[in-house]
Amino acid sequence: MDKATHSAPGHTRMMQECIDACQRCHAVCTETAQHCLGMGADHAAPRHIALLLDCAEICQTSADFMLRGSERHRLTCGACAEVCRACAAECARMSDGDAMMDTCAETCRRCADSCEQMASGK
């Protein structure tokens, strides 16, 4: 069964939604980094690519912490929300109507919202 749709025992619905959001954001940011490298110019700037890859990595880490039931998942979710917000803002700023950049910005915003809820324990 696909781990993105499987709800593990002990995971609340909110946690499973956050896992799914993190896994989706990881995939989208990884794809967007490749897309940006192909676009060149400012899109391929090392700082921008690093932010996309940072976002992808913290999303994967947060999902892994929640999948394992780590007591420290609130810490990774807090960091994830912060990085996702920065990535969303940067992708939105650089979008100029590019569908992939718009998708990345929206996916990062959704992940940030979900991670903020998990980090706050609400």
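Computed values, structure above
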quantity	calculated
Label zone at residue 24 (point 7 Å along Cα-to-Cβ), backbone N below 11 Å, the stretch 68-101	none
Potential lengthening between residue 45 and residue 13 on full extension [0.36 nm per residue; Cα-Cα distance subtracted]	7.7 nm
Nearest 10 degrees, 0 to 90: helix 13-39 Cα axis against the chain principal axis	20 degrees
Efficiency of FRET from Cβ geometry, residue 113 and residue 34, R₀ 25 Å, rounded to 0.05	0.50
Inverse mean reciprocal Cα-Cα distance (Kirkwood Rh) of the chain, Å	14.2 Å
Spin-label pair residue 79/residue 106, simplified geometry with 7 Å Cα→Cβ offset, distance in nm	3.0 nm
For the stretch 11-74, Kirkwood radius (reciprocal of mean inverse C-alpha pair distance, Å)	12.4 Å
Helix 46-68 axis, angle to the chain major axis (alpha carbon atoms, nearest 10°)	10 degrees
For the stretch 59-122: rounded, prolate or oblate by the Cα gyration tensor [a/c cutoff 1.5]	prolate
The stretch 37-113: relative contact order in percent, alpha carbon pairs under 8 Å with at least 6 residues between	25 percent
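Any read-out appearing in this document is the output of simple, stated calculations on the displayed coordinates, not a laboratory observation. Fair warning: this is a prediction, and the values are worked out from it, not measured in the lab. Please note: Cβ atoms are built from the backbone with ideal geometry, for glycine as well, and neighbour counts cover all protein chains shown.
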